[in-house]
């Protein structure tokens, strides 16, 4: 149901002059989808209140409720409901949305009791977004499609949230650095499993993007964590909703998509702040600001200005290296992290990278390095690794796992969870295998001048492919033909000159 609806909406927006790319499609679908989701959420709350004999006060004022402006209903001939054909459309609809609805929703940011309420998040979302659908007739079609969707059962919410993730993934192909917002879901799932957060942990992503890590951590804890027994108390649920997930994001669209992604996954008031994480001076981070778990894929390849670099003890323009310093500092003692970073971090010999590696090894236990193949990140021409570490004790031994697949990864052949199953299993005991090995840091890495952590698999035999005599003869024939053709061309040139 959801998949076909999303495709139909993309087709409608493709015709609209105000929407030029997949990013616009996601952004515009998001705010309409969010308002329909909010309407269903309010209905559920009203029903729950009625069952307990309480009165429910709606968040949204009556004239701005979905069933009044977007989808007023009348009875069909067969007794079912359909959208009233007199519902706002064309210029009347765009005028209402742009000049009444958005300004009304924007005010929630000022009137909300606190930042950890859904009212405040509504205000934030509509302060950042604007309606880009220029044709009120196209907008009417989009609304009609979204009105068909239901978010009442857990199964419906689950299906919709996963398809919304797919839409976010498609943003990676739409320019404007959309891909920065998306980390492959199987990789996130694996990182969360290995880090294994528990209820009561404060979980943080300082480069939150579309909030994939926080959404996955929420799903993991909601299902009972590593035990897999979802028996959450009311108190547990309240902790998950209000004091577990925290994030920061610099870019406006990613920030909004991240908030909506979390709300659509079931976290009603995500603690996500719109700010440049790296603008925070590391010296200002106090114990109260620290987290139990860091899960992140910070942007790599970016360059930060000199004034931002002043916030860090180790100065570098490389964004990911600054983020890594931030993550080490913001972890509590005993805190755990899973961080994706470019594989060149392990071996680069510039002073800053060497100093950060030294800091990481001396202040944290870097217990696991997952080496990922090229193509893991669709469209990114870099190889990456995942660093798993715990803060508070120095590194004695690093366990490496090199993911060697029998196929090339790409857009049509992405990474899947089963690819990483062996890694998850072997990591529990840091077992050696053809793809995994350990190095002793106290006798190895720390004695090298650069604290080099390069991935060099000692168990992988270099395979030389022996060709058959027939294949060698075929290649010789082909080379002979090529040589004869070159000679003929040369003779023709010489003949013409004579």
Hull volume per residue for the stretch 241-322, using the convex hull of the C-alpha atoms, in Å³ is 110 Å³
Could you work out the relative contact order of the stretch 175-447, using alpha carbon pairs under 8 angstrom and six or more residues apart, expressed as a whole percent?
16 percent
Sort 160, 476 so the one with the fewest other Cβ atoms within 10 Å of its own Cβ comes first.
476, 160
For the stretch 2-152, fraction of C-alpha pairs farther apart than 22 Å, in %:
44 percent
Report the relative contact order of the chain, percent, no decimals, based on alpha-carbon pairs under 8 angstrom and at least 6 residues apart.
11 percent
Sequence of 81, 366 once ranked by neighbouring C-beta atoms within 10 Å, starting from the fewest
81, 366
Please pull out the direction-averaged projected area of the stretch 108-168, using the convex hull of its alpha-carbon atoms, in nm² to one decimal place.
5.9 nm²
Please work out the Cα convex hull volume for the stretch 383-422 and give it in Å³ per residue.
112 Å³
Antiparallel content of DSSP bridges confined to the chain, in %, to 5:
60 percent
Considering only DSSP beta bridges whose two residues both sit in the stretch 175-447, what percent are antiparallel, to the nearest 5?
55 percent
Determine the distance separating the Cα centre of the stretch 3-45 from the Cα centre of the stretch 259-283; give it in Å without decimals.
22 Å
Using only the alpha-carbon atoms of the stretch 218-274, report the extent along each of the three principal axes, biggest first, to the nearest angstrom.
37, 18, 16
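Computed over the Cα atoms of the stretch 175-447, what is the convex hull's projected area averaged over all directions, in nm²?
Working: hull surface 58.3 nm².
One quarter of the hull surface, i.e. the mean projection, equals 14.6 nm².
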What's the ranking of 29-35, 107-113 by average number of surrounding C-beta atoms within 10 Å, highest first?
29-35, 107-113
Starting with the highest mean, order 150-156, 140-146 by the number of other Cβ atoms within 10 Å, averaged over the residues of each peptide.
140-146, 150-156
Estimated Rh, the chain: Kirkwood, alpha-carbon pairs, angstrom:
25.6 Å
Could you order the peptides 3-15, 294-306 from most to least packed, using the average number of other C-beta atoms within 10 Å per residue?
294-306, 3-15
May I ask you to sort 190, 89 by Cβ crowding, counting other Cβ atoms within 10 Å and putting the fewest first?
89, 190
Between helix 351-363 and the chain, what is the angle of the helix's C-alpha long axis to the longest principal axis, kept within 0 to 90° and rounded to the nearest 10?
70 degrees
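Each value in this text was obtained by applying a stated rule to the coordinates, not by laboratory testing. These figures come from a predicted structure and were not determined experimentally. Here Cβ is always computed from backbone atoms with ideal geometry, including for glycine, and neighbour counts include all displayed protein chains.
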